[in-house]
Amino acid sequence: MAELTFYPFNSCHFVLDRSVLTVTLGCGEFVKSTTTWGVIVHPDGVVVVDTGVHASAIGDAPETWGTAEDRIGVPLMRLGQEVPAQLARIGLSRTDVRYVVCSHLHGDHVGAHLELADATFVCQQAELAYARAPDIPSMVREYPLDQIAADRLRYEPIEGDLDLFGDGTIMLLSTPGHTPGHQSVLVRLPQTGPVLLSGDACWSHWNLDEMTLPGIIWFPSEYVKSRRRLLDLQEQERARWFFTHDPNTFDELGWVEGKAYA
């Protein structure tokens, strides 16, 4: 197996009504939600999986998070959480990135795309097409075309699954439902073992319950099928979940943000 290193990061925190994460549960219960992303250093190139929220979210100090009602649903980023700053933290520059893998193109996952303009952006064809003309009002607001920047960045649209480097270490998995062209990522680390970056195909540990759906969804039936695919894959691979929007992700894994996991 190729030498591989994974660096997990968190882009920001949101304060949300839990019903956004689990539409049938938790109305009136406020929870802190993350937006995670990651860097994979592969012998054939550096891969960034999603780029979090835009740096314009930098603002309040952490101790104020979740204390003001007018902050509910607003991303809160600390200075230093921006993608270029986090890359520098692990000894990389923005020009070192070969690929940006887009789980999907919602605003909380594309905020630093323009910061990585030298990279190739690997995205499902269905996602790129839908971002240009979403047909559901709740989805229209989720696609910031100025940050997606399809006319300025080098996108490489794919259809279906892809073994990114052809060696089985980084597998892109088509998991539509949350959006038409959502994809998840299975990273097979030589020592840590398989890690499943589920993106928004399975937001948090609450969404492992097959009786729950998230509050933002394009096609429930496709979402259910994709979640079942990930649940089966996780069991087969005995993979660790690296959730996007679960505030307990780092604690449950025993991971430290920005630390190298091989």
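Just a few scattered comments:
- Applying the Karplus relation 6.51 cos²θ - 1.76 cosθ + 1.60 with θ = phi - 60° to the range 245-253 yields 3J(HN,Hα) values of 10, 9, x, 9, 3, 5, 5, 5, 7 Hz, where x marks Gly and Pro.
- Within the shell of other residues whose beta carbon sits under 15 angstrom from the beta carbon of HIS182, the net charge comes to -4, with Lys and Arg scored +1 and Asp and Glu -1.
- Dipole magnitude for the range 142-184: computed about the Cα centre from +1 point charges on Lys and Arg Cβ and -1 point charges on Asp and Glu Cβ, it is near 100 debye.
- Dividing the summed helix terms, -39500 (n - 2.57) for each DSSP H run of n ≥ 4, by the number of residues in the chain produces a 222 nm estimate of -5000 deg cm²/dmol to the nearest 500.
- Placing a label point 7 Å from the Cα of GLN125 along the Cα-to-Cβ direction, the residues of the range 167-192 with a backbone N closer than 15 Å are 174, 181-182.
- Taken about its Cα centre, the chain carries a charge dipole of about 160 debye when Lys and Arg each add +1 at the Cβ and Asp and Glu each add -1 at the Cβ.
- Looking at the chain, the accessible area is 42 square angstrom per residue; that uses a 1.4 Å probe and ignores ligands, DNA and RNA.
- The H on the amide N of LEU189, modeled in the peptide plane, is under 5 Å from the matching H of VAL195, each at least 5 residues off or on a different chain.
- The candidate values are [x] 65, 31, 19; [y] 24, 21, 20; [z] 43, 18, 17; the one derived from this structure for semi-axes √(5λ) of the Cα gyration tensor in Å carries the label [y].
- Residue-by-residue Karplus 3J(HN,Hα) for the range 98-107, coefficients 6.51, -1.76, 1.60, Hz, glycine and proline x: 8, 10, 10, 8, 9, 4, 6, 10, 6, x
- Scanning residues 5 or more positions from VAL15 or on other chains, those with amide H under 5 Å from its amide H are SER33, GLY73, VAL74, with H placed 1.01 Å from N in the peptide plane.
- Normalised by the number of residues in the chain, the average gap of Cα pairs under 8 Å and 6 or more apart makes the relative contact order 21 percent.
- Distance from the Cα centroid of the range 195-260 to that of the range 127-173 is 19 Å (rounded to whole angstrom).
- Phi-derived couplings, Karplus 6.51 cos²θ - 1.76 cosθ + 1.60 at θ = phi - 60°, listed residue by residue for the range 138-151: 5, 8, 4, 6, 7, 10, x, 4, 5, 8, 5, 6, 5, 8 Hz, with x used for Gly and Pro.
- Choice from GLY91, GLY80, GLY52 with maximal GNM fluctuation in the chain (Cα, 10 Å cutoff): GLY91
- DSSP bridge orientation in the chain - percent antiparallel, rounded to nearest 5: 65
- Accessible area of the range 84-241 belonging to carbon and sulfur atoms, whole % at 1.4 Å probe: 49
- Annotation: amide H of LEU105 has no partner in the under-5 Å range at sequence separation 5 or more or interchain, hydrogens built in the peptide plane.
- Placing pseudo-labels 7 Å out from each Cα toward the beta carbon at LYS225 and SER138 gives an inter-label distance of 2.0 nm.
The values are calculated or read from the model by the stated rules, or taken from the named source; none is laboratory data. Here the structure is a predicted model, which means the values were calculated and not measured. With ideal geometry, Cβ positions are generated from the backbone for all residues, glycine too; neighbour counts draw on all protein chains shown. Each accessible area value is taken on the protein alone, full model and side chains, heavy atoms only, with ligands, DNA and RNA left out. Shrake-Rupley method; radii C 1.70, N 1.55, O 1.52, S 1.80 Å.
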